[in-house]
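Just below is one structure, and these are the notes that go with it.
Rule-based calculations on the coordinates, nothing more; no lab input. Keep in mind that what you see is a predicted model, and the values were worked out from it rather than measured. Heads up, the Cβs are rebuilt from the backbone with ideal geometry, glycines too, and the neighbour counts pull from every protein chain shown.
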């Protein structure tokens, strides 16, 4: 995986707790579906929940982003 920072290429391995045994990461899926920041984070936190030390913390983060997205949709008047 490549990351570009300050015009330099840095190579790094995805941490083992995020490794899904596939050639892609959940962030790639979010990009493929062109998810907004909030929606991408919802998917990311739900998918990765339980891979680190505090599963409930990740689920609460997903809930926070879901609540933010609900408020955003409400504020656009698309309902």
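Suppose we filter the stretch 38-79 for residues that are within 23 Å of residue 25 (Cα to Cα) and in contact (Cβ under 8 Å) with a residue 12 or more places away in the chain; how many remain?
21
Please work out which one of (1) more than 16 Å from residue 15 (Cβ to Cβ); (2) in contact with a helix residue (DSSP H, G or I) (Cβ under 6 Å, 6 or more places away or on another chain) is the condition residue 32 fails and give its number.
(2)
Just to be sure I understand, how many residues within the stretch 35-79 are surrounded by 12 or more Cβ atoms within 10 Å (Cβ to Cβ) and touching a helix residue (DSSP H, G or I) at 6+ places or on another chain (Cβ under 8 Å)?
Count: 26.
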